[in-house]
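Participant: The structure that follows is given in the form of structure tokens.
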Amino acid sequence: MESLFETLIEGVLADQFASASSFLSPDLVAGLRANLQSRLQSGNMHPAGIGRAIGHQTDASVRGDLISWLDDHPDDSFEKEFLAAIQKFMDYLNQTCYTGLNAMEFHYAIYGPGSFYLRHKDQFRSDSGRRFSIVTYLNEDWLPIDGGALVLYPENAGPQVYFPEGGRMTFFRSDVVEHEVLPTLRPRMSLTGWLKSV
Ligand code: OGA
Ligand code: MN
């Protein structure tokens, strides 16, 4: 695990982004995917907003996903395992880079066919708490013809394209890396969140 953490952290320090194809085990991906699907079936996934608080609004012409937030202390064993892995990664980052991260927030997201998220940055102007973005994918057998790529626009390199393959984790600086989700042709599931200092 530590060499994977090292690779991700070195990537972010050098290039503002990094990605690992098997951050989550296949069992964890399947368990989290089943959780997302049951939240969807029980009507607990809601249109995501853009901006915060007073400026908060939903607009499918900007982003078309449905989301559902993870509890800080979930009962579900897969969510516990996921948050424990992220906590370990955050601790490692703090120990090696003195990043002073002390909070996290994660939500499930599903993009239905035809939906997308236009180019944006994750750090709100009014709230610099979000320091690093982490996107993990819960899909089975994703093919490039399914669309739905995440495209990152780091400041010092050309566009980086990642398909939302199950188990992949993409990690980038929330303050500087613009990115977008291209239209997907099939339901596209993820667990996305932020490491913060609050
Ligand atoms: C986001 C986002 C990227 C993805 O939720 O802010 O940019 O690949 N998601 O789902
Ligand atoms: Mn984003």
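The values are calculated or read from the model by the stated rules, or taken from the named source; none is laboratory data. Just so it is clear, the structure is predicted and the values come from calculations on it, not from any experiment. Glycine gets a Cβ as well: all are built from the backbone with ideal geometry, and neighbour counts include every protein chain shown.
Participant: What residue, among those in segment 115-142 that are more than 15 Å from ligand 2 (Cβ to nearest atom) and among the small types (G, A, S), is modelled with the lowest pLDDT?
Facilitator: S126
Participant: Being touching a residue at least 60 places away in the same chain (Cβ under 8 Å), within 11 Å of ligand 1 (Cβ to nearest atom) and surrounded by 13 or more Cβ atoms within 10 Å (Cβ to Cβ), is that true of even one residue in segment 70-87?
Facilitator: There is no residue in segment 70-87 that is touching a residue at least 60 places away in the same chain (Cβ under 8 Å), within 11 Å of ligand 1 (Cβ to nearest atom) and surrounded by 13 or more Cβ atoms within 10 Å (Cβ to Cβ).
Participant: Here's a check for you: in segment 7-27, which residue that is touching a residue at least 60 places away in the same chain (Cβ under 8 Å) and assigned to a helix (DSSP H, G or I) is nearest to S77 (Cα to Cα)?
Facilitator: Out of the qualifying residues, it is P26.
Participant: Continuing with the same structure: Restricting to segment 96-114, and then to whatever is of a type in the set (A, V, I, L, M, F, W, C) and away from ligand 1 (no atom under 13 Å from the Cβ), can you tell me which residue is modelled with the lowest pLDDT?
Facilitator: In this case the residue turns out to be C97.
Participant: Restricting attention to segment 115-159, which residues are among the small types (G, A, S), in contact (Cβ under 8 Å) with a residue 24 or more places away in the chain and more than 15 Å from ligand 1 (Cβ to nearest atom)?
Facilitator: Answer for segment 115-159, where residues must be among the small types (G, A, S), in contact (Cβ under 8 Å) with a residue 24 or more places away in the chain and more than 15 Å from ligand 1 (Cβ to nearest atom): S126, S128, A157.
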